[in-house]
Amino acid sequence: MKEQQQNLSPIEKIKQASDGLRGTLKESLQEQLTGALYEDDQALVKFHGMYQQDDRDRREERSAKKLEWLYSYMIRLRLPGGFITPEQWEALHYIAGEHATGIIKVTTRQTIQLHGILKSHVKPTIQDFNTAGLDSISACGDVNRNVICAAHPKQSPIHEQIFAYADKLSQLGLPKTRAYYEIWLDEQPLTDKTKEDDDLYQDRYLPRKFKMAIAIPPNNDVDVFANDLGLIAVIENNELKGFNIAAGGGLGATHGNPNTYPRLATVLGFVDTEEKVLKAAYEIITIQRDFGNRSDRKLSRLKYTIDKMGVEAFKAELEKRCGFALEPAKEIVFTERVDYFGWQQNHEGKWYYTVFAENGRVMDTDALPLKTALLEVAKTRKANFRFTANQKLILSDISDADKQAVHDILDKYGIIQHTESAGSMRKNAVACVAFNTCPLALAEAQRYLPTLIGKIEPLLEKHKLGDDAISVRMTGCPNGCGRPYVAEIGFIGTAYGRYNMHIGGDREGARLNTKYKDNIDEAAILQELDLLLGKYSKKRKKGETFGDFVIREKIVS
């Protein structure tokens, strides 16, 4: 740790010198000669829930004209467990139209982000969010990100009790600094800065982002093992007994750097009380704060910290800091990793409709006025809005008396037909944002995956696999935001129009896939899938999934 303190990465120095994440953000916002922030502030603004981006489709054109790149900002909300009211959705609809591109993006972390916000609109956007009771604190940056939880209340009669942990963990991981409120909401600075003393983050924050997820077996819809910290609910006779704790998941990697790799979380043990759950979560964060790599950000996630320490040493350190031993993990079984589309009912008789919003993009097109339909539903005040970790949207908590009214709106705008007619592969597909806004993207993802699936679907029909919900995920770079490494078929961008193809993940999210082909284009992708799907169709065992088949046949290992 001493060596790392002497060899800090540039971002570490920016954080420590930031005066509680304030930096010179106020001055950056007032600078009218550029659409960008000052360089150091571009790192700090992430802690406030946003990224500076630019329209990469227009870089070449603007550079040729000797114009500054077209800078804008993405703002991401903090929505523990992915829940907002209809009033908040209505506000979000208008905020997206007034300040952003108009598209509402449901993310893989069960929240919402808006893109294309110009610098002069950033502060008004956050103030409008605040009026609606929403914030973007810690939605990005080297802190605990948005906490995700099993999305559908049908999952368990005690879903609400488990869902409440998302907010408790989110509150636990919030920075103490009041910078967000001072910069964006014009709150007066504290006269006593000791009130900002932060025992959890100190002045260093974390070496890298930190992600938490809560799963309710048998459905692993949150991909719990892909998170730095995973809580797996142990339920007996509809009573919450506690949680298995898993740590060290993370899917980011770097092309050409063998020291980086995706990793699934390791189950450490079981805790049986809320006090112990929160204490264990807190101390896992402190271990990462104290032992995480602050010299090389590519090696700074908790997964590398655990692998460097060793699982047993990490667990011993955790138990020492907690002051109690973890019990042996309880037996749990995941049998699926799905969103429940269409109408579903929970134990209370409330109704839920899961809408298919492809890759989480809520917008109006000539073919599908999805955004207009959801606004009309929100205005009835008859449904809350929930988001899944697979970029889908649930109209939720609808009474029996109100169900028909909501159904009629969805039917009028074609949402029912759109959802029901989508193929199984398309419904389960996930893609990151990639081009045109993500600065890390090497290839397309959300703009291209729907087209690619449209070319794969005839192959599925050819091989009589049209109803097989094979999981397909695509990212524009190896960072793993769309969780491609835990898909049965994963595409990771290497260059424009080219992808590494991975296969062999299981359908429950408990096994990483393996790279099958390097740097291939669309024609090669379709050729390989035609061959693989043909073999799968002819030789699979009853009930065998594609991912399990390619492992059993040793196509990959």
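If we keep just the residues of the stretch 417-449 that are farther than 18 Å from R498 by Cα and not in a helix (DSSP H, G or I), which is nearest to the chain's Cα centre (by Cα)? Show your work before the answer.
Quick first cut of the stretch 417-449, residues farther than 18 Å from R498 by Cα only: 417-429, 437.
Now restrict to residues that are not in a helix (DSSP H, G or I): 422-423, 429, 437.
Values: A422: 23, G423: 23, A429: 14, T437: 17 Å.
Filtering first and then ranking leaves A429.
Is it the case, given these coordinates, that K298 is within 22 Å of M474 (Cα to Cα), of a type in the set (K, R), in the same structural domain as F163 (by TED's automatic domain parsing) and not in a loop (DSSP other than H, G, I, E, B)?
Answer is yes for this residue.
For the structure I just gave you, tell me whether I245 is at pLDDT 95 or above, within 20 Å of E336 (Cα to Cα) and either under 21 Å from the mean Cα position of the chain (by Cα) or not in a loop (DSSP other than H, G, I, E, B) (or both).
yes
So, in the stretch 117-174, of the ones that are within 15 Å of the chain's Cα centre (by Cα) and among the small types (G, A, S), which residue ends up surrounded by the most Cβ atoms within 10 Å (Cβ to Cβ)?
For the stretch 117-174, the residue satisfying everything is A151.
Test of understanding: among S170, S138, S120, which residue is modelled with pLDDT under 95 and closer than 21 Å to Y51 by Cα? Spell out how you get there, then give the answer.
Working: S170 fails: modelled with pLDDT under 95; S120 fails: modelled with pLDDT under 95.
It is S138.
Taking the criterion of being in the same structural domain as H407 (by TED's automatic domain parsing), of a type in the set (S, T, N, Q), modelled with pLDDT of 95 or more and loosely packed, with under 14 Cβ neighbours inside 10 Å, would at least one residue in the stretch 352-362 satisfy it?
Here is the first cut: in the stretch 352-362, the ones in the same structural domain as H407 (by TED's automatic domain parsing) are 352-362.
Right, trim to of a type in the set (S, T, N, Q) and you get 354, 359.
Among the residues that remain, those that are also modelled with pLDDT of 95 or more are: 354, 359.
Narrowing the set further to residues that are loosely packed, with under 14 Cβ neighbours inside 10 Å leaves none.
The answer is no, given that none of the residues of the stretch 352-362 is in the same structural domain as H407 (by TED's automatic domain parsing), of a type in the set (S, T, N, Q), modelled with pLDDT of 95 or more and loosely packed, with under 14 Cβ neighbours inside 10 Å.
Just the residues that are touching a helix residue (DSSP H, G or I) at 6+ places or on another chain (Cβ under 6 Å), within 24 Å of T372 (Cα to Cα) and crowded, with 17+ Cβ neighbours inside 10 Å, please, taken from the stretch 430-462.
The answer is A431, Q446.
Only one of E444, E544, E461 is acidic (D, E) and in contact (Cβ under 8 Å) with a residue 12 or more places away in the chain; which?
After ruling out the rest, the residue left standing is E444.
Of everything in the stretch 11-43, what is touching a residue at least 40 places away in the same chain (Cβ under 8 Å), buried (at least 21 other Cβ atoms within 10 Å of the Cβ) and closer than 22 Å to W69 by Cα? Give them in sequence order.
Hits for the stretch 11-43 are L25, L37.
Name the residue that is nearest to V122 (Cα to Cα), counting only residues in the stretch 44-86 that are free of Cβ contacts under 8 Å to residues at least 12 places away in the same chain and either exposed (fewer than 13 other Cβ atoms within 10 Å of the Cβ) or in contact with a helix residue (DSSP H, G or I) (Cβ under 8 Å, 6 or more places away or on another chain) (or both). Show your work before the answer.
Looking only at the stretch 44-86, we keep the residues that are free of Cβ contacts under 8 Å to residues at least 12 places away in the same chain, and these are 59-67.
Filter once more, keeping what is either exposed (fewer than 13 other Cβ atoms within 10 Å of the Cβ) or in contact with a helix residue (DSSP H, G or I) (Cβ under 8 Å, 6 or more places away or on another chain) (or both): 60-61, 63-67.
On the way: E60: 25, E61: 25, S63: 25, A64: 28, K65: 26, K66: 25, L67: 22 Å.
If we take residues in the stretch 44-86 being free of Cβ contacts under 8 Å to residues at least 12 places away in the same chain and either exposed (fewer than 13 other Cβ atoms within 10 Å of the Cβ) or in contact with a helix residue (DSSP H, G or I) (Cβ under 8 Å, 6 or more places away or on another chain) (or both), then L67 is nearest to V122 (Cα to Cα).
Testing G505 on (1) surrounded by fewer than 24 Cβ atoms within 10 Å (Cβ to Cβ); (2) on the phi < 0 side of the Ramachandran plot, one condition comes back false. Which one is that?
(1)
The values are calculated or read from the model by the stated rules, or taken from the named source; none is laboratory data. Since we're looking at a predicted model, the values are computed, not measured. Glycine also receives a Cβ, built like all others from the backbone with ideal geometry; neighbour counts cover every protein chain displayed.
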